[in-house]
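Below is one structure; the comments refer to it alone.
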Amino acid sequence: MNTEKMEYIDIEGLPLKVSKIALGTWAIGGWMWGGADDDESVRTIRAALDGGINLIDTAPVYGFGRAEEIVGRALAGGRRRHTIIATKAGMEWRDGRVFRNSSPERLRRELEESLRRLGTDFIDIYQVHWPDEKTPIEETAAAMEGFRHEGKVRIIGVSNYAPAQMDRFMTASTLRTVQPPYNLFERQIESELLTYASGKNLTVLAYGSLCRGLLSGGMDEGRVFTGDDIRKFDPKFKQPRFAQYLAAVRKLDDMARRRFGRGVLALAVRWLIDRENVIALWGARRPDQLAPIGDVIGWSIDDDALKEIDRILDETVTDPVGPEFMSPPGRDI
């Protein structure tokens with residue numbers, strides 16, 4: 001990667017321009033991704049920073065604190081001041097079960113624990129991970145706003161919130177970011193949320209930019225997922241859908257190489273960051289998985305290519321499915 005080639009945008013309330021590609025650390029936490037190596041994860045984070053990425057997105061639930069601890073370790077020694085940390089709150093876990101809890105008491109506890117694990121005095125972007133039906137959204141928002149006034153949070157965001165929920169949130173707090181699932185195969189936010197975010201000047205942190213590796217170009221129908229790997233439960237990775245999505249990947253890869261001299265992975269991420277207010281979260285747990293980022297920067301997808309992408313998807317994925325399977329239960333389950 002070449003630092004000089006990275007693209008950046010401004011997000012109101014942050015002191016640094018933010019890279020259009022962020023490092024996502026869900027897999028680094030190991031949980032639901034078949035494990036991870038901590039030392040390799042530290043090297044991955046530092047390789048991302050060396051390559052011009054300055055936004056690291058994490059969460060307490062990623063490995064039940066492990067991902068945040070690894071981020072804190074990787075940023076020690078002076079790297080913190082050049083890095084934007086985005087983490088989350090509002091998920092509780094007990095006995096291997098995870099559920100939503102955005103009560104002010106839970107948020108306070110998570111904030112203090114995240115600051116400790118990350119080895120920092122403040123969090124740049126603090127996000128509510130999922131809406132919690134047991135807690136009024138206004139109470140959650142007021143608690144988050146209180147953290148900002150204390151100086152422990154720079155700006156506030158939400159993840160997996162619908163526009164109506166964000167309207168309620170903004171009666172008690174200021175929002176700057178929203179984090180939904182968004183990629184070539186999961187485009188549900190285009191019906192409403194994407195336009196809403198643009199109108200409210202919210203930056204979209206798109207997670208799942210490679211659709212859990214489907215859009216990497218490195219999978220075939222013989223791929224087997226073991227242990228607690230989330231893809232064991234993802235309907236996209238079950239037949240006959242898996243074959244449809246892999247066929248679409250092959251066609252998209254052929255198109256990308258013919259038109260742009262790049263592979264499907266670069267096409268998928270470029271498709272996201274061509275949008276003015278969208279940042280793509282790139283999940284990696286080894287430094288070599290960041291190498292293709294150089295192919296993403298410095299070009300754009302023309303209108304004819306966008307139409308061809310849509311045509312390939314419409315013709316090939318005849319039984320599409322969204323990311324709904326990832327939604328965690330509420331506290332009453």
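The values are calculated or read from the model by the stated rules, or taken from the named source; none is laboratory data. The structure presented is a predicted model; accordingly, all values stated were derived computationally and were not measured. Here the Cβ positions follow ideal geometry from the backbone for every residue, glycine too, while neighbour counts run over all protein chains shown. SASA here: full protein model, heavy atoms, side chains in, ligands and nucleic acids out. Shrake-Rupley method; radii C 1.70, N 1.55, O 1.52, S 1.80 Å.
Just to verify a result, which residue in the range 168-184, among those that are more than 15 Å from the chain's Cα centre (by Cα) and open to solvent by less than 40 Å² (accessible area, probe 1.4 Å), is nearest to Glu133 (Cα to Cα)?
Phe169
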Does the range 125-132 include one or more residues that are under 29 Å from Leu16 (Cβ atoms), at pLDDT 95 or above, open to solvent by 50 Å² or more (accessible area, probe 1.4 Å) and touching a Lys or Arg at 6+ places or on another chain (Cβ under 6 Å)?
no
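Mind checking which residues of the range 251-263 are in a loop (DSSP other than H, G, I, E, B) and either among the hydroxyl-bearing types (Ser, Thr, Tyr) or free of Cβ contacts under 8 Å to residues at least 12 places away in the same chain (or both)?
Of everything in the range 251-263, just one residue is in a loop (DSSP other than H, G, I, E, B) and either among the hydroxyl-bearing types (Ser, Thr, Tyr) or free of Cβ contacts under 8 Å to residues at least 12 places away in the same chain (or both), namely Gly261.
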For Arg258, which of the numbered conditions (1) within 21 Å of the chain's Cα centre (by Cα); (2) of a type in the set (Lys, Arg); (3) exposed (fewer than 14 other Cβ atoms within 10 Å of the Cβ) fails to hold?
(1)
Considering residues that are open to solvent by 20 Å² or more (accessible area, probe 1.4 Å), in contact (Cβ under 8 Å) with a residue 60 or more places away in the chain and touching a Leu at 6+ places or on another chain (Cβ under 9 Å), the number found within the range 283-311 is 1
Flag for Arg108 being over 17 Å from Ala280 (Cα atoms), open to solvent by 10 Å² or more (accessible area, probe 1.4 Å) and at pLDDT 95 or above:
yes
Do you know which residues across the range 205-227 are charged (D, E, K, R) and open to solvent by less than 60 Å² (accessible area, probe 1.4 Å)?
Arg212
Do you know which of the residues in the range 193-241 that are more than 18 Å from the chain's Cα centre (by Cα) and aliphatic (A, V, I, L, M) is farthest from Glu276 (Cα to Cα)?
Val224
Is it the case that Thr140 is of a type in the set (Ser, Thr, Tyr) and either in a helix (DSSP H, G or I) or under 27 Å from Ala268 (Cβ atoms) (or both)?
yes
Test for Thr171: is it outside any loop (DSSP other than H, G, I, E, B) and of a type in the set (Ser, Thr, Tyr):
no
State which residue pairs qualify: first residue in a loop (DSSP other than H, G, I, E, B) and inside the range 225-240, second residue exposed (fewer than 13 other Cβ atoms within 10 Å of the Cβ) and of a type in the set (Phe, Trp, Tyr) in any location, beta carbons under 8 Å apart, and separation of 6 or more residues or different chains.
Phe233/Phe325; Asp234/Phe325
State whether the residues of the range 143-162 include one that is open to solvent by less than 10 Å² (accessible area, probe 1.4 Å) and over 21 Å from the mean Cα position of the chain (by Cα).
yes
Exactly one of these conditions fails for Val71: (1) among the aliphatic types (A, V, I, L, M); (2) out of contact with any helix residue (DSSP H, G or I) (no Cβ under 7 Å at 6 or more places or on another chain); (3) modelled with pLDDT of 90 or more. Give me its number.
(2)
Has the range 83-95 got any residue that is open to solvent by less than 10 Å² (accessible area, probe 1.4 Å) and within 24 Å of Ala266 (Cβ to Cβ)?
yes
Would you mention how many residues in the range 144-168 are part of a helix (DSSP H, G or I) and either acidic (Asp, Glu) or in contact with a Phe, Trp or Tyr (Cβ under 7 Å, 6 or more places away or on another chain) (or both)?
5
List pairs: first residue in the range 32-47 and within 19 Å of Phe64 (Cβ to Cβ) and buried (at least 22 other Cβ atoms within 10 Å of the Cβ), second residue of a type in the set (Gly, Ala, Ser) and at pLDDT 95 or above anywhere in the structure, Cβ distance under 9 angstrom, at least six positions apart or on different chains.
Ser41/Ala74; Ile45/Ala74
Tally, over the range 86-127, of residues that are of a type in the set (Gly, Ala, Ser), under 20 Å from Arg331 (Cα atoms) and in contact (Cβ under 8 Å) with a residue 12 or more places away in the chain
4
Candidates Ala248, Ala280, Ala266 - the one that is part of a strand (DSSP E or B), small (Gly, Ala, Ser) and surrounded by 13 or more Cβ atoms within 10 Å (Cβ to Cβ):
Ala280
